[in-house]
Amino acid sequence: MKRDDLKVTPTRRDVLKGLGATGAIALGGLSARYAQAQSAEPIRIGFQLHRTGIGASYGRWYERTATAALKVLNDQGGINGRPVEILFEDDGTDPRRGAEVVEKLVMQARCDVVMGTLFSHVVMGSAPRAGELRVPYLVCSEGHHVASGALNRWVLQPGITDVKSQVQSMAPFVTQNLGRKVTMVFPDYAFGHDHRDFFTAAVAAQGGEVIKHIAIPPTETSFTRYFPQIPRETEVLYHVMVGPSVLTFVKELGEFYGSGARPQLFGFIDSLEAVAIDSPGLEFLEGSHFWEGHPRYRQDDAGEHEDLYRAAVGVDANGASVTDPRDVSTYSHMFSVWETLFILKRAMEAAEYRGPADRQAVVEAMEAMTEFPEGLEHPQGPKLFNGRTHQAFGLQSISQVRNGRLVRVHRTAMEDGFYPDEVDYTTMSF
Amino acid sequence: MKLLTLIAAMALAPGPAFAHASERMVIQTLPTGWYMLGAGLAVAITALAIPFLRHLPKVRATCLFERPRLLPPGVTNWLAFGLFWVLVAVGLSGTPDPKENLLPLTVWTVIWVGMTLAVALLGNLWHDIDPWRAPVGLLRAALSRWLPQKGIGLSRLEHWPAVLGYLSFAWFETVSLAPSDPAHLARVAASYYLLVLILAVLEGEDWPPRGEFLNAYFALVSRVAPFWAEPRGDRLRIMAALPGWRIPTLPPLSVSAMAFVTLVLSSVTFDGLSETFLWAGWIGVNPLEYPGRSAVMGVNTAGLVAVWAAASALVLGAIALSLPGGRSRHVAGPLMLSLLPIAAGYHIAHYFVALLTDGQYVLAALNDPFGRGWSLLGLPEHWVSFGFLSTRSGVLAIWSFQFAVILVAHLAAVIVHHSVWRGLHLPQTLTAQLPMTALMVAYTILGLWLLSAQTIG
């Protein structure tokens with residue numbers, strides 16, 4: 001092989017330079033205003049990070065994505081010409097600690113806003129404190145808690161769709177392509193119940209039917225005895241098992257069906273987020289379908305922004321760390337951190353943010369936003385933002401496991417994920 | 001009412017669930033049950049076969065080589081003293097991220113995990129980096145005129161202050177809300193340091209090895225080490241023996257030392273147990289939506305103490321069953337020495353994954369200690385990586401190491417037990433061996449089960 005034939009992988013620094021240039025061009029007209037920014041004092045973003053506790057493996061990738069996004073943001077000139085800092089504070093994936101962290105970030109570290117929380121119970125525990133402190137609290141959680149109206153006006157989820165929208169938008173594809181008689185296997189608690197309720201209703205609306213619900217106790221370690229409950233006429237088996245028994249679940253399901261006929265399998269990548277899809281024991285998933293928030297494997301039609309995003313975060317074409325091909329990222333969720341940071345930038349600039357006195361204006365500016373186009377700031381895809389419910393809506397991917405890789409076979413329509421508003425936060429006082 | 005509403009809202013909060021790739025996911029697919037059976041059988045057969053051996057091998061330590069001391073005594077202790085306060089300053093004013101701040105990384109990974117492993121292999125290295133030793137000596141010399149001649153009576157309490165210290169430490173690590181928060185940890189560490197400094201200055205240099213928990217802990221763990229250094233004038237003799245071989249030569253444990261050893265063993269056991277689905281089920285918590293430490297603080301505090309009580313009762317009960325008629329009272333002290341290899345071995349196995357993961361954060365933090373983008377150790381960006389936890393080969397390698405450590409620790413414990421037993425000229429009957437043998441087999445299996453069970457997070 002000649003030396004010239006070697007492919008030169010761009011270094012991270014090159015990529016970031018490139019991103020900076022892209023940003024500078026995109027922002028061209030605004031640069032004059034940046035130069036006039038009155039204060040060079042950095043904008044401080046408090047990041048509530050699941051560094052320890054059960055969210056730690058997600059936290060690691062959220063931190064990595066946020067750090068990468070921050071570099072791009074600052075290379076583009078920061079926010080309103082001011083440099084931006086992120087302060088990561090560990091919440092231990094605990095709601096009480098979460099509330100303490102919000103307070104610490106706002107009162108001690110004098111952060112302008114707080115963002116980044118993933119786990120729902122931490123969001124629920126922290127949101128009231130954010131409301132009391134009157135600080136914008138931008139969550140990256142995927143939970144339906146924001147749009148359900150359970151929180152307050154200071155809490156927004158602009159960077160990721162919620163689980164209700166995700167689950168519901170799967171129904172048209174499943175009923176039209178995989179089958180109309182569905183059996184659902186889910187863990188027997190709130191998460192599984194959400195899937196049960198949202199999907200059962202959505203399938204019925206599409207003219208299909210969920211013929212059996214099989215609820216599995218959360219502490220179950222073996223699943224063989226549940227499989228005979230799957231009705232013979234089942235055309236689609238919808239599975240959303242999570243936790244350390246997932247590999248066992250798939251392995252035993254494979255043993256149950258053997259090489260004979262089986263229903264179509266449809267799952268949520270939450271089950272296998274950060275798990276290599278070609279892990280031993282997952283062979284039975286070959287040919288099955290998954291919801292993905294953001295396709296883990298680089299798709300053939302990926303745009304430039306997708307490649308720039310991967311390079312900046314340090315993720316290869318298989319969704320794994322560039323330094324370790326077995327270290328799979330939480331790819332379907334972590335884009336939300338990136339996108340939220342850029343939405344915050346837009347909102348702060350629209351509100352001409354100068355200091356904590358303008359926090360309310362940031363929330364109002366965000367509520368006034370309606371659309372986020374796909375691009376460098378939104379690599380996962382375009383989104384619509386509902387200012388009344390404080391929730392973003394977007395496109396979902398359905399991928400099929402082919403040769404141990406996830407290949408996108410369908411992208412939902414925006415309206416597949418719509419549902420009637422359940423709250424209007426804009427009518428609430430601050 | 002507000003609180004009730006919040007709790008209800010949290011319980012009903014619709015939301016996603018997040019699994020993650022941990023070694024516990026892959027290990028569920030490994031035949032760990034056979035390993036447990038094999039290890040249990042190996043310990044049982046060893047324990048039951050030993051009474052039929054006429055002689056146990058004699059304790060023989062070999063001097064590998066001699067070398068001069070590299071530094072005058074106390075220099076490393078002064079360095080450790082300085083480093084401790086630098087780390088406290090880093091904890092107070094450095095990054096709040098516990099995986100980047102060198103204070104929590106040093107306390108929880110370098111000292112608690114790494115130092116235990118080092119001391120269990122190489123002898124009591126803590127002695128040389130004990131940050132109290134040098135300043136206590138200096139202060140006592142300087143203040144000798146005003147200090148009470150016979151101390152303040154702490155020595156009469158034997159190991160009890162260390163028991164209290166260790167229990168507080170174990171609670172802080174396993175149960176409290178934010179043990180890794182750098183600023184919080186800095187305040188706790190500095191307060192504890194000053195408390196011990198004052199007490200040691202008042203009581204004397206001989207007090208910390210028994211009364212201060214870190215000194216007491218490392219002194220006990222060091223007894224299992226296959227290598228150690230013995231000072232001889234200004235030279236050091238580097239010695240070697242089989243792991244745990246020196247234990248039978250130790251003086252019997254006092255009641256407070258017995259309490260300390262059982263606490264060491266049971267606190268790490270509880271740390272493992274409290275992470276399992278089994279424990280979550282017992283305390284009525286759904287492990288798949290674990291509510292966080294704040295929700296289980298009370299029950300886990302009770303659990304920590306209960307496991308300690310249960311472990312102490314089981315060990316004392318087994319010894320009592322071995323020697324009925326009140327004869328066990330005087331032999332519990334020497335016989336409980338056999339728990340030392342188990343305590344050290346389980347600690348190493350339990351924290352091994354933390355060493356492999358958080359150890360990377362330590363190196364990454366040293367690579368760029370001030371977050372300036374430096375690469376002092378030449379580590380590339382994104383160097384920290386946990387891919388090995390989700391591969392079959394990686395998990396099998398980790399499990400094999402843990403299995404070997406647990407097995408060796410229990411075999412050493414069995415041999416120590418018999419060696420002490422013979423030294424006490426106790427009856428060599430099978431019935432006398434059965435209770436302790438059953439306990440050691442059970443603990444072998446429990447240890448391996450804790451390392452392979454489904455865990456939260």
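Surface analysis of chain A yields an accessible area of 35 Å² per residue, using protein heavy atoms and a 1.4 Å probe.
Please list log₁₀ I(q)/I(0) at q = 0.10 Å⁻¹ for the range B:63-155, using the Debye equation with identical point scatterers on the alpha-carbon positions. Debye output, listed in q order: -0.41.
The separation of the range B:337-382 from the range A:293-368, counted between C-alpha centres, amounts to 30 Å. Computed from label points 7 Å out along Cα-Cβ, the spacing between B:Trp78 and B:Leu41 is 6.0 nm. For chain B, the membrane-span-like helix rule (DSSP H, alpha carbon extent of at least 18 Å along the helix axis, mean Kyte-Doolittle at least 1.6) picks out B:75-93, B:255-273; this says nothing about an actual membrane. Simple spin-label estimate for B:Leu64 and B:Ala49 gives 2.8 nm between the two label positions (7 Å along the Cα-to-Cβ direction from each Cα). DSSP beta bridges confined to chain A are antiparallel in about 40 percent of cases. Name the shape class, rounded, prolate or oblate, that the alpha-carbon gyration tensor gives for the protein assembly as shown, where a ≥ b ≥ c are the square roots of its eigenvalues, rounded holds for a/c under 1.5, and otherwise prolate holds if a/b is larger than b/c and oblate otherwise. Verdict is prolate for the protein assembly as shown. Given axes a ≥ b ≥ c from the Cα gyration tensor, I'd like to know whether the range B:212-364 is rounded (a/c under 1.5), prolate (a/b larger than b/c) or oblate. Because a/c hits 1.5 or more and a/b fails to exceed b/c, the range B:212-364 counts as oblate. Looking at chain B, identify the longest residue range that excludes and avoids all trypsin sites (Lys or Arg not before Pro) in DSSP loops having at most 10 other Cβ atoms within 10 Å. The answer is B:151-371. How big is the Rg/Rh ratio for the range A:53-142, C-alpha atoms only, Rh by Kirkwood, two decimals? Rg/Rh: 0.97. Considering only the protein assembly as shown, what is the antiparallel percent among its DSSP beta bridges, to the nearest 5? Expressed as a percentage, antiparallel bridges in the protein assembly as shown total about 50. Classified by the C-alpha gyration tensor, the range A:318-416 has an oblate form. Its axis ratio a/c, with a ≥ b ≥ c, is 1.5 or above, and a/b does not exceed b/c.
Computed across the range B:61-240, the Kirkwood hydrodynamic radius from all distinct Cα-Cα pairs reaches 17.5 Å. The accessible surface of the range A:160-300, taken with every protein chain in place and a 1.4 Å probe, is 46 percent carbon and sulfur. For the range A:113-170 versus the range B:298-319, the inter-centroid distance based on Cα atoms is 42 Å. Overall, the range A:156-298 carries a charge dipole of about 260 debye about its Cα centre when +1 sits on the Cβ of Lys and Arg and -1 on the Cβ of Asp and Glu, all other atoms neutral. Working note: Debye formula, equal point scatterers on the alpha-carbon atoms of chain B, no solvent; log10 I(q)/I(0) at q = 0.06 Å⁻¹ is -0.29. Residue-normalised convex hull volume from the C-alpha trace of the range A:168-316: 130 Å³ per residue. The percentage of C-alpha pairs in the range A:27-179 whose separation is greater than 19 Å is 58%. Here B:Ala442 and B:Ala397 are evaluated by their C-beta separation; at R0 = 30 Å the FRET efficiency comes out at 0.65. The ratio of the alpha-carbon radius of gyration of the range B:255-308 to the globular-protein estimate 2.2 N^0.38 Å is 1.24.
Here is how the number arises for chain B: DSSP H runs of 4 or more residues each give -39500 (n - 2.57), the sum is divided by the residue count, and the result at 222 nm is -19000 deg cm²/dmol. Checking the Cα-Cα distances for A:Lys164/A:Lys383; A:Lys104/A:Lys164; A:Lys71/B:Lys99; A:Lys164/A:Lys212 against a 23 Å cut-off, the pairs over it are A:Lys104/A:Lys164.
Farthest towards the positive end of the charge dipole of the protein assembly as shown, among the residues B:Ala183, A:Pro379, A:Val185, is the Cα of B:Ala183, using unit charges on the Cβ of Lys, Arg, Asp and Glu. Take each residue of peptide A:86-94, count the partner chain Cβ atoms within 10 Å of its Cβ, and average: the result is 6.
Between A:Glu422 and A:Thr323, residue separation times 0.36 nm minus the direct Cα-Cα distance comes to 31.2 nm. Surface composition of chain B: carbon and sulfur atoms hold 69% of the protein heavy-atom accessible area at a 1.4 Å probe. Calculate I(q)/I(0) for the range B:158-207 by the Debye formula, one identical point scatterer on each C-alpha and no solvent, and give its log10 at q = 0.12, 0.24, 0.29, 0.30 Å⁻¹ to two decimals. Computed log10 I(q)/I(0) values: -0.31, -0.96, -1.12, -1.15. When the Gaussian network model of chain A links Cα atoms closer than 10 Å, the mean-square fluctuations of A:Ala347, A:Ala40, A:Ala127 top out at A:Ala40. Using helices alone, I'd like the mean residue ellipticity at 222 nm for chain A: each DSSP H run of four-plus residues gives -39500 (n - 2.57), total over residue count, nearest 500. Mean residue ellipticity at 222 nm (helix-derived): -10000 deg cm²/dmol. Both the radius of gyration and Dmax for the range B:20-95 are 24.9, 63 Å, in that order, over alpha-carbon atoms. For B:Ile283 and B:Leu321, the difference between the fully extended length at 0.36 nm per residue and the C-alpha to C-alpha distance is 10.5 nm. Springs join every pair of Cα atoms under 10 Å in this Gaussian network model of chain A, and among A:Gly59, A:Gly281, A:Gly81 the largest mean-square fluctuation is at A:Gly281. Placing +1 on the Cβ of every Lys and Arg and -1 on the Cβ of every Asp and Glu, with nothing else charged, gives the protein assembly as shown a dipole about its Cα centre of roughly 3100 debye. Counting, for every residue in A:44-55, the Cβ atoms of other protein chains within 10 Å of its Cβ and taking the mean gives 4. Counting every pair of alpha carbons in chain A, the share spaced more than 33 Å apart comes to 34 percent. The trypsin sites (Lys or Arg not before Pro) of the range A:89-165 that meet both conditions, a loop assignment by DSSP and at most 16 other Cβ atoms within 10 Å of the site Cβ, are A:Arg110, A:Arg134.
Under the simplified labelling scheme, the B:Ala302-A:Asp358 pair shows an inter-label distance of 5.3 nm, with each label point 7 Å from Cα along Cα→Cβ.
Per residue of peptide A:267-278, the mean number of Cβ atoms on other chains within 10 Å of the residue Cβ is 3. Within the listed set A:Glu283, A:Glu142, A:Glu255, the residue fluctuating most in the Gaussian network model of chain A (springs between alpha-carbon atoms under 10 angstrom) is A:Glu255.
The values are calculated or read from the model by the stated rules, or taken from the named source; none is laboratory data. What you see is a predicted model; the values in this text were computed from it and never measured. No Cβ is skipped: glycine too gets one built from the backbone with ideal geometry, and neighbour counts run over all protein chains shown. SASA here: full protein model, heavy atoms, side chains in, ligands and nucleic acids out. Shrake-Rupley method; radii C 1.70, N 1.55, O 1.52, S 1.80 Å.
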